[in-house]
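Only one structure is covered here, and it is reproduced in the block below.
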Amino acid sequence: MKQEFTRIAVKVGSNVLTRRDGTLDVTRMSALVDQIAELHKSGVEIILISSGAVASGRSEVHPQKKLDSVDQRQLFSAVGQAKLINRYYELFREHSIPVGQVLTTKESFGTRRHYLNQKNCMTVMLENSVIPIVNENDTISVSELMFTDNDELSGLIASMMDAQALIILSNIDGIYNGSPADPGSSVIREIDHGKDLSNYIQATKSSFGRGGMLTKTNIARKVADEGITVIIANGKRDHILVDLLQHPKETLCTRFIPSNAPVSSVKKWIAHSEGFAKGEIHINECATEVLNSEKAVSILPIGITHIVGEFEKDDIVRIMDFQGNQVGVGKVNCDSKQVQEAIGKHGKKPVVHYDYLYIE
């Protein structure tokens, strides 16, 4: 049967892999592995972004004294990640499929070189029919440098690896047009560009994960804008992955329709780099207008009013309009000292070139 996609990223949330008591749901894990194996054997390349390390470690370790949340997460994830990857290894081995572990941190996406190193590593794995299993390295991630959750990580991975689809498996069937608990609510099946969802989305977090529906929607929007189909579905439903690819019309989920406009790989990286911004460039009203027009424009010193923070050449900065609202992110051509000296001057080279500018 012809598949709609040949390369997908699948994100499995902690609420899919966790039982009510907070321990790992091995039965669900095994069922998902069976589905991934079926798709893999039909020719689909799959990158798996899996939560569950903390849940996996929770049942193994019983701390002697009460730990704060960071210590607890580091302890459980260190023990649990080894157990989790070992469980995946054994389950996939039953299908004769090799897997590889990729532990990453937010900082690993902060420079283009690190970003490309990770991309190369996973590309080699896929070329050799190895399924990469990706998770955030919680043992060394401190809160200000953490991903919002694995939804954010999965968006970055899907974008970096040029996946055609990102499937986010949660414990509900998709995005509802009301509260999921309300019997009158139903799943929004398709979401087009620019559709306002603010009335529908609840800002509550899932019980075991760090991210709620609001995070999922924001990530999904950004990834769909890069030309990747994003699907939010219920990972606790039997055969959900196979059904999404083989019977897309009949399978309950929310699908974000991807943009047709091509996006360069550099712009994809910059689009997800806001968390690494080292400073701000504030632009005047005229520059703001031009930036919001259809023209492809760079940010020139003449349009800059002031800068905030110190940055080096090639750092990521936030672009702020004349009212102080963030309008984009970009990679700077020069350091903050050089920008400061050039502010308001004509005939200078761009501070942020269009090719390295992402407008939100």
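The values are calculated or read from the model by the stated rules, or taken from the named source; none is laboratory data. Bear in mind that the values here come from a model prediction, so they are computed numbers and not experimental data. Here the Cβ positions follow ideal geometry from the backbone for every residue, glycine too, while neighbour counts run over all protein chains shown. Accessible surface is based on the protein model in full, side chains and every heavy atom, while ligands, DNA and RNA are left aside. Shrake-Rupley method; radii C 1.70, N 1.55, O 1.52, S 1.80 Å.
Residues in segment 155-206 that are surrounded by fewer than 15 Cβ atoms within 10 Å (Cβ to Cβ), modelled with pLDDT of 90 or more and in contact with a helix residue (DSSP H, G or I) (Cβ under 7 Å, 6 or more places away or on another chain): there are none. Criterion applied to Gln81, Gln118 was being over 16 Å from Asp34 (Cα atoms) and over 16 Å from the mean Cα position of the chain (by Cα), and the one residue passing it is Gln81.
Answer yes if at least one residue in segment 281-294 is touching a strand residue (DSSP E or B) at 6+ places or on another chain (Cβ under 6 Å), modelled with pLDDT under 95, polar (S, T, N, Q) and in a strand (DSSP E or B), and no otherwise. No: zero hits. Taken over segment 255-277, the criterion of being among the basic types (Lys, Arg) and within 30 Å of Val187 (Cα to Cα) is satisfied by Arg255, Lys268. Only residues that are open to solvent by 80 Å² or more (accessible area, probe 1.4 Å) and within 30 Å of Ala271 (Cβ to Cβ) were counted in segment 93-115, giving 3. Does Glu90 satisfy the condition of being acidic (Asp, Glu), surrounded by 15 or more Cβ atoms within 10 Å (Cβ to Cβ), modelled with pLDDT of 95 or more and not in a loop (DSSP other than H, G, I, E, B)? No. Among the candidates Ser108, Ser159, Ser96, the residue that is free of Cβ contacts under 8 Å to residues at least 24 places away in the same chain, not in a loop (DSSP other than H, G, I, E, B) and not β-branched (Val, Ile, Thr) is uniquely Ser108. Residue-level check: of (1) of a type outside the set (Gly, Ala, Ser); (2) assigned to a loop (DSSP other than H, G, I, E, B); (3) free of Cβ contacts under 8 Å to residues at least 12 places away in the same chain, Pro63 misses just (3). Is at least one residue of segment 274-287 among the aliphatic types (A, V, I, L, M), open to solvent by 50 Å² or more (accessible area, probe 1.4 Å) and touching a helix residue (DSSP H, G or I) at 6+ places or on another chain (Cβ under 7 Å)? Scanning segment 274-287, I find no residue that is among the aliphatic types (A, V, I, L, M), open to solvent by 50 Å² or more (accessible area, probe 1.4 Å) and touching a helix residue (DSSP H, G or I) at 6+ places or on another chain (Cβ under 7 Å), so the answer is no. Total residues in segment 2-50 satisfying the condition of being among the basic types (Lys, Arg), assigned by the TED database to the domain that holds Lys236 and without any contact (Cβ under 8 Å) to a residue 60 or more places away in the chain: the figure is 3.
Residues of segment 77-94 that are closer than 22 Å to Thr105 by Cβ and touching a helix residue (DSSP H, G or I) at 6+ places or on another chain (Cβ under 6 Å): Ser77, Val79, Gly80, Gln81, Lys83, Leu84. Against the test of being in contact with a Ser or Thr (Cβ under 7 Å, 6 or more places away or on another chain), within 25 Å of Thr111 (Cα to Cα) and modelled with pLDDT of 90 or more, the options Phe311, Phe322 yield a single qualifying residue, Phe311.
For every residue, the table says whether it meets (1) modelled with pLDDT under 90; (2) out of contact with any His (no Cβ under 8 Å at 6 or more places or on another chain).
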position: Glu226; (1), (2): yes, yes
position: Val230; (1), (2): no, yes
position: Asp238; (1), (2): no, yes
position: Asp243; (1), (2): no, yes
position: Pro248; (1), (2): no, yes
position: Ser259; (1), (2): yes, no
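Being among the β-branched types (Val, Ile, Thr), part of a helix (DSSP H, G or I) and either free of Cβ contacts under 8 Å to residues at least 60 places away in the same chain or assigned by the TED database to the domain that holds Gly155 (or both) is true of Val70. Residues that are assigned to a loop (DSSP other than H, G, I, E, B) and buried (at least 17 other Cβ atoms within 10 Å of the Cβ) within segment 298-342 comprise Ser298, Leu300, Phe311, Asp315, Asp321, Val332, Asn333, Cys334, listed in sequence order.
Taken over segment 226-243, the criterion of being touching a residue at least 40 places away in the same chain (Cβ under 8 Å) and of a type in the set (D, E, K, R) is satisfied by Glu226, Lys236, Arg237, Asp238.
Residues that are under 24 Å from the mean Cα position of the chain (by Cα) and modelled with pLDDT under 95 do not occur anywhere in segment 58-66. Summed over segment 250-293, the residues that are more than 25 Å from the chain's Cα centre (by Cα) and not assigned by the TED database to the domain that holds Glu310 give a count of 1.
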